[in-house]
Amino acid sequence: MATRAGATARKMKTEMDVCLGKAGTPVGKLVFVRNGPRAFTQFAYFQDWLDNNDTFNVSPDLFATPGYQTRKPASKEDSLFFLALADTEPDAWGRRVIARAHAKRRADDPALGALTELDYLCAVDDFSRMGALRLRSTHGTYLESAPAGRRATPPLLDLEKMLSASRAVELGEETAEDLAYRMRPVSTVLT
């Protein structure tokens, strides 16, 4: 999701669907907008969701009304995502793994731009994402999903390998293989 350096890094608008639960019930559209250093998000519920008798606010700061609602972070420490989506963002550990993996890719491709807050949100594996909200591209594929029949989160039997890769990241001695292994879960499951 990271943009190429230059003009495209200055202005960016990305849209994705927000879905609910295993069934992937479409709830609304999330829009990430960045213009230079300013960034914000917007969310609009789909009309089908609003027309449903069982409709509820998917986040305490998203009211079940038509039209786009905007969220701008109050401070640098505040998320630019609505609360329920902010809860699905990677923690400090996940952000470190994502940033290190991106830095290694950037070493091979210097034109690759810096990570955005949306990149961090989208790097979380769909299976490991906290809560019931799921992110889906406008093409209909869930973000960071493991292929059918494959798992993204390592089994408990891989605990030794997980600890070894985690330790390497902590010490700044990680290999590309360590980062690829740690990027699979990106959550704090078992860490």
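Structural remarks
- Cβ pairs under 8 Å, 6+ apart, first in region 153-173 and under 12 Å from Val97 (Cβ atoms), second charged (D, E, K, R) and at pLDDT below 75: Met162/Arg182; Ala165/Arg182; Ser166/Arg182; Val169/Arg182
- Close contacts from region 104-117, counting a first residue that is in the same structural domain as Asn35 (by TED's automatic domain parsing) and a second that is part of a loop (DSSP other than H, G, I, E, B), with Cβ to Cβ under 6 Å and a gap of 6+ residues or different chains, come to Ala111/Ala5; Leu112/Ala2; Gly113/Ala2; Gly113/Thr3; Gly113/Ala5; Leu115/Ala2; Glu117/Leu80.
- Which listed residue is among the aliphatic types (A, V, I, L, M), in the same structural domain as Asp17 (by TED's automatic domain parsing) and touching a residue at least 40 places away in the same chain (Cβ under 8 Å), from Ala74, Ala92, Ala64, Ala84: Ala84
- Among the residues here, Thr88 qualifies as within 16 Å of Arg134 (Cβ to Cβ), surrounded by 12 or more Cβ atoms within 10 Å (Cβ to Cβ) and among the β-branched types (Val, Ile, Thr).
- Considering only residues in region 171-191 that are outside any helix (DSSP H, G or I) and of a type outside the set (S, T, N, Q), the one that is modelled with the lowest pLDDT turns out to be Leu190.
- Considering region 10-37, and only residues there that are within 30 Å of Asp54 (Cα to Cα) and loosely packed, with under 11 Cβ neighbours inside 10 Å, the residue that is farthest from the chain's Cα centre (by Cα) turns out to be Ala23.
Results for (1) closer than 25 Å to Leu171 by Cα; (2) buried (at least 18 other Cβ atoms within 10 Å of the Cβ); (3) more than 13 Å from the chain's Cα centre (by Cα), shown as yes or no for each residue.
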site: Glu77; (1), (2), (3): no, no, yes
site: Ala92; (1), (2), (3): yes, no, yes
site: Arg95; (1), (2), (3): yes, no, no
site: Arg105; (1), (2), (3): yes, no, yes
site: Leu115; (1), (2), (3): yes, yes, no
site: Leu121; (1), (2), (3): yes, yes, no
site: Ala132; (1), (2), (3): no, no, yes
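- Beta carbons closer than 7 Å, at least 6 apart along the sequence or on distinct chains, pair a first residue in region 132-147 that is of a type in the set (A, V, I, L, M, F, W, C) with a second that is part of a loop (DSSP other than H, G, I, E, B) and at pLDDT 85 or above for Ala132/Gly21; Leu133/Val58; Leu133/Thr88; Leu143/Ser137.
The values are calculated or read from the model by the stated rules, or taken from the named source; none is laboratory data. Everything numeric here is computed off the predicted structure, so don't read it as measured data. Cβ atoms come from the backbone with ideal geometry, glycine included; neighbour counts cover every protein chain shown.
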